[in-house]
Protein chains: 2
Amino acid sequence: MNGAQAMLRTLVDSGVDVCFANPGTSEMHFVAALDSVPRMRGVLGLFEGVVTGAADGYGRMLDRPAATLLHLGPGMANGLANLHNARKAHTPMVNVIGDHATYHKALDAPLESDIDALTGWCSDWSHISTRPEEIGADTARAIAAARTSPGQVTSLVLPADTSWSAGGTAAEPIPVPAAPKVAEDAVAEVAKVLGLGESTVLLLGGNAVREPQLRAASRIAAATGARLFTETFPARMERGAGLPAVEKLGYLSEQVTYQLTDVRHLVLIGSRPPVSFFAYPDKPSELTPADCTVHQLAEFTEDTVDALERLADRVAPDTAPVLAEASRPAVPTGELTAQTVAEAIGALLPEDAIVSDEANTSGLLLPMSTAGAPRHDWLSLTGGAIGQGMPLATGAAIACPDRPVISLEADGSAMYTISALWTQAREQSNVTTVVFSNRSYAILRMELQRVGAETTGTAAAELLDIGRPDLDFVALAGGMGVPASRATTAEEFCGQFSKALAEPGPHLIEAVIPSLL
Amino acid sequence: MNGAQAMLRTLVDSGVDVCFANPGTSEMHFVAALDSVPRMRGVLGLFEGVVTGAADGYGRMLDRPAATLLHLGPGMANGLANLHNARKAHTPMVNVIGDHATYHKALDAPLESDIDALTGWCSDWSHISTRPEEIGADTARAIAAARTSPGQVTSLVLPADTSWSAGGTAAEPIPVPAAPKVAEDAVAEVAKVLGLGESTVLLLGGNAVREPQLRAASRIAAATGARLFTETFPARMERGAGLPAVEKLGYLSEQVTYQLTDVRHLVLIGSRPPVSFFAYPDKPSELTPADCTVHQLAEFTEDTVDALERLADRVAPDTAPVLAEASRPAVPTGELTAQTVAEAIGALLPEDAIVSDEANTSGLLLPMSTAGAPRHDWLSLTGGAIGQGMPLATGAAIACPDRPVISLEADGSAMYTISALWTQAREQSNVTTVVFSNRSYAILRMELQRVGAETTGTAAAELLDIGRPDLDFVALAGGMGVPASRATTAEEFCGQFSKALAEPGPHLIEAVIPSLL
């Protein structure tokens, strides 16, 4: 058995059986080994940002890692932005980065680079495996690290000679300890705070936005009067009819300041004190009110279900959670706008959908319009690195082939990793992509004003305008094998959206809308 | 004057007057400042890999830097692969990476990351400019570093508060010393070697593949019997009728071994001893023959024109260079193949063209078919990080708007940075893109065999097949505003290629060909 085969066997024996890949020459033995380890499913991406974003989507949905296969430093570089998002999402993931043979590195061949700098940039755990005898054990350690609560991005560098040399030994899975439970003191302190009757907010982050945590938090809120918020960009939030409806903290610091007005106690569960996304002249970056005390019930690494349920059993033993009732907007008609698209999605969202949300400014109205839609999972842009949405949807569809995936994309963001559509076509994934086509970096038009930058001419405006020429997403999708259509009225959009959901395989709808801003 | 304005004024005062940009919120003051410094031309890219690759193409053509504008660590991450190529090409370039305000960084907002790790990965020089009073001087230093012979990739991190705060002061250009001349001893040693009458090769690398160096090298070769080669992937080679024709070292180590058979002396001019691109089991990585002595006439940082002319004046005072005669293949007819496309390009290449070559396996026949075509510049994939070609062509066209640019792309490589087409459409650049559409990662099929990897099933083959579904490059180009056509015969290709060259603005031709391998 060579090193590559030992690595693949270790991966599948530990339950890692999907590998999103964009290989090169140094990965050819790993690729060849796929034929001898058929339990591993290889999924090809045409660009590394698709590969890493898909692994993020997969890991968020299943709470277990996929592998990626990347080609030396430059290949990893192309995947970094979505690894940044995955790390902020605490997604379990095992990246395999092929490298030159160990003896070849010192020669500084064209593709040589400092891979350590890149793995360090985006990984919670990384290692270079220089001997085939160790690759199995190293892989098992990488998987265990990836599965460490709540999930970690791990990177294992695989030199070509480790991969091709004989002597590989597969390793058994390493047991991973459960998430640690919080101390009784932490629960008691928060219970005491809740008993004061002062304005209190519970801020849910990390994995505390899933159903068990939301139900416990809702009981606590109902019994004590505390208010609930989630962090602004939850990795995967379970929501919709039958689940507690919890508002997110806003993207704009002004919104957060408003949401936290007069709050005296902020209780963190898997979250951190809120900070503004960017700094702005003469605006605060730290958004916790000055006279508010912060209490940490549970870190993001800890068992947030247990912590919230123990707290609920203490302060709300007889209180039921408040669940969202089924409620949808009317099917819209007339002009197609960010609002009518949001209404249409709320009106037509199918049961058990997965929503990948990179709609940016065009998506501001979506949380409201979908709050009472059938139960669904909502995936957000966790690290702010745009180009996440389409790859994330692709990986979520591989993870959950029986669920409909809705990929909501801003036109500007769509162009970073557009070739995700090709992988969706190849895998015949059930992804319906909606591109909000407002032909501008609308968020930057807003930000240009918010940062107080003065413009006097057209040079600045040119850089925020992505019309001239207009992008034709119907043609782009068709060029990658994804059936597509363009909607310019609400009726057209609703018809196309319903049809896309009714048919298997990927579809794309370009929703031509005016910019909200 | 705020920091951003001081930076922009310093850039244009030093002759850096094009900025390829993909900005975000933290760069809004830089963007706004474009309105107050109209000498700076902003060119928008929809993805950072386009931005950095375009700056590389610009710098290679003009031997002076363009600026880039990138959005924090994740934005820079997306541009890294082409910065890797630029660094290997020794391209002068000034990257401006917007960052969070200095006081905001410790808060670990979503887009926060270790930018130092990234700038260090790909830069010859980098710095963080934390005060508006220093930004002008820092910018002048970055430009001077970028212009240091033969060119360097520099990165200047611009925190948002440095950008927006008052107190900015523009700085004067810093004089840059000329490339150092080599010692007389080095010239004398090589002259002595050339006098031995033993088999000798001059290996030209770095900027020693430009006309003055090639003419001097040709004189030396003609007078002494030494043979000439260039390194495998020259950054910008001047070639064609009226210039000395110099063969490149091959991509495959077997080719290089053959080319260097029985060579006793290897003279390096701006180059390094040849190594194989990848390591292969049981094949050598270092390709200099065992009994060959290596002599360094000039390092890549040194004045290669002066070194070669001094050597030529010593060993070939009365010898003229051997120049390629005008000679073109016949205009091909019949089946469209890698060979007939190469013949068509050789037959029709216009005067003074710039060729961006990322045709990979499909381009193996191009050097021969174009050797006697009208004089042109040939840009190669210097760092092996695919996704270079289309951005490079885009930047070359901005640098040289009056010259025709031919962008030769493999279909696999094209999908990494395809949105370069949109920038070409926006700027109405005279770029004719030829996509060699063989629907496979053909080079990897070859490499799978060469590395000795055994495959027994279909899983490996699947990862090298980029058909299913076929990419439709005519649709993709049309979706980004670039007129496009598909050629399936040599006649169609020649007609479409001639038409594209005759019309202003960008065009794309999808050349559907069988895989060479």
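The values are calculated or read from the model by the stated rules, or taken from the named source; none is laboratory data. Being a predicted model, the structure only gives us computed values, none of them experimental. Cβ atoms come from the backbone with ideal geometry, glycine included; neighbour counts cover every protein chain shown.
Within region A:404-423, how many residues turn out to be out of contact with any helix residue (DSSP H, G or I) (no Cβ under 6 Å at 6 or more places or on another chain), over 22 Å from B:Asn22 (Cβ atoms) and within 11 Å of chain B (Cβ to nearest Cβ)?
Going through region A:404-423 one residue at a time, the tally reaches 1.
Being within 19 Å of the chain's Cα centre (by Cα) and either buried (at least 21 other Cβ atoms within 10 Å of the Cβ) or closer than 14 Å to B:Leu228 by Cα (or both) is the filter here; which residues of region B:238-268 pass it?
Passing the criteria: B:Arg239, B:Gly240, B:Val246, B:Glu247, B:Lys248, B:Leu249, B:Gly250.
Of these, B:Asp99, B:Asp108, which one is within 20 Å of B:Val157 (Cβ to Cβ), of a type outside the set (S, T, N, Q) and without any contact (Cβ under 8 Å) to a residue 24 or more places away in the chain?
B:Asp108
Quick one: how many residues across region A:302-320 are in a loop (DSSP other than H, G, I, E, B) and touching a Gly at 6+ places or on another chain (Cβ under 8 Å)?
1
Residue by residue through region B:90-135, note down the ones that are more than 30 Å from B:Arg236 (Cβ to Cβ), part of a loop (DSSP other than H, G, I, E, B) and touching a Phe, Trp or Tyr at 6+ places or on another chain (Cβ under 9 Å).
B:His100, B:Ala101, B:Ala109, B:Pro110, B:Leu111, B:Ser113, B:Asp114
Those residues that are in a helix (DSSP H, G or I), within 7 Å of another protein chain (Cβ to nearest Cβ) and in contact (Cβ under 8 Å) with a residue 60 or more places away in the chain, I need them from region A:440-456; list them, please.
A:Glu447
Being within 25 Å of the chain's Cα centre (by Cα) and β-branched (Val, Ile, Thr) is the filter here; which residues of region B:469-506 pass it?
Hit for region B:469-506 is B:Val482, nothing else.
Tell me which strands (runs of 3 or more DSSP E) are completely within region A:1-81 and hold 3 or more residues being free of Cβ contacts under 8 Å to residues at least 60 places away in the same chain, or say none if there are none.
A:66-71
For (1) crowded, with 24+ Cβ neighbours inside 10 Å; (2) polar (S, T, N, Q); (3) outside the structural domain of B:Phe473 (by TED's automatic domain parsing), each residue gets a yes or a no:
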residue: B:Ala330; (1), (2), (3): no, no, yes
residue: B:Ala344; (1), (2), (3): yes, no, no
residue: B:Leu348; (1), (2), (3): no, no, no
residue: B:Glu351; (1), (2), (3): no, no, no
residue: B:Pro367; (1), (2), (3): no, no, no
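Does A:Val18 satisfy being more than 8 Å from chain B (Cβ to nearest Cβ) and either closer than 25 Å to B:Met446 by Cβ or aliphatic (A, V, I, L, M) (or both)?
Yes: the conditions hold for A:Val18.
Quick check: anything in region B:272-289 within 17 Å of B:Ala217 (Cα to Cα) and more than 14 Å from every other protein chain (Cβ to nearest Cβ)?
no
Does any residue of region A:148-158 turn out to be part of a helix (DSSP H, G or I), modelled with pLDDT of 95 or more and farther than 29 Å from A:Val246 by Cβ?
Checking region A:148-158: not a single residue is part of a helix (DSSP H, G or I), modelled with pLDDT of 95 or more and farther than 29 Å from A:Val246 by Cβ.
Check A:Ala484 against each of (1) under 26 Å from B:Val18 (Cβ atoms); (2) in contact with a Gly (Cβ under 6 Å, 6 or more places away or on another chain) and name the one condition it does not meet.
(1)
So which residues in region B:457-466 are farther than 12 Å from A:Arg41 by Cβ and part of a loop (DSSP other than H, G, I, E, B), if there are any at all?
Listed by number, the residues that qualify are B:Gly457, B:Thr458, B:Leu464, B:Ile466.
Tell me which of these A:Pro65 doesn't satisfy, since it passes every other one: (1) within 30 Å of B:Glu48 (Cβ to Cβ); (2) within 12 Å of another protein chain (Cβ to nearest Cβ).
Tallying (1) within 30 Å of B:Glu48 (Cβ to Cβ); (2) within 12 Å of another protein chain (Cβ to nearest Cβ), A:Pro65 fails exactly one: (2).
Just the residues that are at the interface with another protein chain (Cβ under 9 Å from one of its Cβ atoms), touching a residue at least 40 places away in the same chain (Cβ under 8 Å), on the phi < 0 side of the Ramachandran plot and in contact with a Pro (Cβ under 9 Å, 6 or more places away or on another chain), please, taken from region B:457-508.
Hits for region B:457-508 are B:Ala477, B:Met480, B:Val482.
With respect to the numbered conditions (1) surrounded by fewer than 22 Cβ atoms within 10 Å (Cβ to Cβ); (2) in contact with a Pro (Cβ under 8 Å, 6 or more places away or on another chain); (3) under 30 Å from A:Gly98 (Cα atoms), which one is the sole condition not fulfilled by B:Thr301?
In the conditions (1) surrounded by fewer than 22 Cβ atoms within 10 Å (Cβ to Cβ); (2) in contact with a Pro (Cβ under 8 Å, 6 or more places away or on another chain); (3) under 30 Å from A:Gly98 (Cα atoms), B:Thr301 misses (3) alone.
Listed here are the residues, each with its yes/no results for (1) of a type in the set (S, T, N, Q); (2) within 13 Å of chain B (Cβ to nearest Cβ); (3) in contact with a Cys (Cβ under 7 Å, 6 or more places away or on another chain).
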site: A:Asp35; (1), (2), (3): no, yes, no
site: A:Gly49; (1), (2), (3): no, yes, no
site: A:Asp56; (1), (2), (3): no, no, no
site: A:Val96; (1), (2), (3): no, no, no
site: A:Thr102; (1), (2), (3): yes, yes, no
site: A:Asp108; (1), (2), (3): no, yes, no
site: A:Gly120; (1), (2), (3): no, yes, no
site: A:Asp124; (1), (2), (3): no, no, no
site: A:Ser149; (1), (2), (3): yes, no, no
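Being over 27 Å from B:Glu351 (Cα atoms), in contact with a strand residue (DSSP E or B) (Cβ under 8 Å, 6 or more places away or on another chain) and modelled with pLDDT of 95 or more is the requirement here; does B:Val182 meet it?
In short, yes.
Could you list all residues from region A:94-126 that are surrounded by fewer than 18 Cβ atoms within 10 Å (Cβ to Cβ) and within 19 Å of A:Gly151 (Cα to Cα)?
Residues satisfying the conditions are A:Gly120, A:Asp124, A:Trp125.
What residue, of B:Thr91, B:Thr148, B:Thr68, is surrounded by fewer than 21 Cβ atoms within 10 Å (Cβ to Cβ), outside the structural domain of B:Gly205 (by TED's automatic domain parsing) and among the hydroxyl-bearing types (Ser, Thr, Tyr)?
B:Thr148
Restricting attention to region B:339-386, which residues are more than 27 Å from B:Asn82 (Cα to Cα) and polar (S, T, N, Q)?
B:Gln339, B:Thr340, B:Ser369
Of all the residues that make up region B:357-403, how many are among the aliphatic types (A, V, I, L, M) and within 14 Å of another protein chain (Cβ to nearest Cβ)?
Total meeting the criteria: 4.
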